[in-house]
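Asker: Can you keep this structure in mind? I'll have questions shortly.
The values are calculated or read from the model by the stated rules, or taken from the named source; none is laboratory data. Keep in mind that this is a model prediction, so the values were computed, not measured. Counting neighbours? That spans all protein chains shown, and the Cβs are built from the backbone with ideal geometry, glycine included.
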Amino acid sequence: MSEREILQRFETEYESISVGEQINSRNVTTLGQSTEVKKFEGAAQLAGSQMDVYIHAAKIKHEGDYIVTVAIYPQQLDDEEQNVVTLLEGLEHSRENNSE
């Protein structure tokens with residue numbers, strides 16, 4: 001599944017979010033590997049008002065699992081993209097077998 005397909009499913013689940021065009025991408029090191037994070041324009045409905053947002057999405061394969069990340073924030077918050085990168089760089093994942 002591509003990041004676009006993941007976000008289309010996300011749109012279906014959360015009708016207050018609409019995803020527009022991809023505007024760029026960047027590589028971020030997360031879980032010990034370089035991962036492409038795609039950035040999209042979008043819109044969100046919140047408390048009866050619509051606002052323009054940025055949506056970041058990444059798909060990471062780690063220890064046999066796929067991890068999907070999605071981050072959304074208002075376009076007016078220019079500095080917020082660095083917070084998304086910081087969160088991805090600090091992402092942790094461990095597989096535990098809970099078959100008891």
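Asker: Return the total of residues in the stretch 1-34 being more than 24 Å from GLU92 (Cα to Cα), in a strand (DSSP E or B) and not acidic (Asp, Glu).
Answerer: 7
Asker: Under 7 Å by Cβ, and 6 or more places apart or on different chains, what pairs join a residue from the stretch 55-79 that is closer than 17 Å to ILE23 by Cβ and touching a residue at least 24 places away in the same chain (Cβ under 8 Å) with one that is hydroxyl-bearing (Ser, Thr, Tyr) and surrounded by 13 or more Cβ atoms within 10 Å (Cβ to Cβ)?
Answerer: Filtered contacts from the stretch 55-79: ALA57/THR69; ALA58/THR35; ALA58/THR69; GLN75/TYR54.
Asker: Let me ask something else about it. Assuming SER34 fulfils every condition listed in (1) closer than 17 Å to GLN75 by Cα; (2) out of contact with any Ser or Thr (no Cβ under 6 Å at 6 or more places or on another chain) apart from one, which condition is it?
Answerer: The one condition SER34 does not meet is (1).
Asker: Can you say whether ALA43 is more than 14 Å from the chain's Cα centre (by Cα) and of a type in the set (A, V, I, L, M, F, W, C), as far as the supplied structure shows? Break it down into steps so the answer makes sense when it comes.
Answerer: Numbers: more than 14 Å from the chain's Cα centre (by Cα): yes; of a type in the set (A, V, I, L, M, F, W, C): yes.
Yes; evaluated as a whole, the condition is true for this residue.
Asker: What tally of residues in the stretch 59-92 results from selecting those that are part of a strand (DSSP E or B), under 16 Å from the mean Cα position of the chain (by Cα) and over 16 Å from PHE10 (Cβ atoms)? Even if it seems obvious, please write down each step before you answer.
Answerer: Taking the stretch 59-92 as the starting set, the residues that turn out to be part of a strand (DSSP E or B) are 59-62, 65-74.
Keeping just the survivors that are under 16 Å from the mean Cα position of the chain (by Cα) gives 59-61, 66-74.
Then keep just the ones that are over 16 Å from PHE10 (Cβ atoms); that gives 60-61, 74.
Within the stretch 59-92, residues that are part of a strand (DSSP E or B), under 16 Å from the mean Cα position of the chain (by Cα) and over 16 Å from PHE10 (Cβ atoms) number 3.
Asker: Quick check on the stretch 35-58: of everything there that is assigned to a strand (DSSP E or B) and at pLDDT below 90, which residue is surrounded by the most Cβ atoms within 10 Å (Cβ to Cβ)?
Answerer: Ranking the qualifying residues of the stretch 35-58, first place goes to GLN45.
Asker: Oh, and also: Of all the residues that make up the stretch 59-100, how many are closer than 23 Å to GLN33 by Cβ, in contact with a helix residue (DSSP H, G or I) (Cβ under 7 Å, 6 or more places away or on another chain) and hydroxyl-bearing (Ser, Thr, Tyr)?
Answerer: Result for the stretch 59-100: 1.
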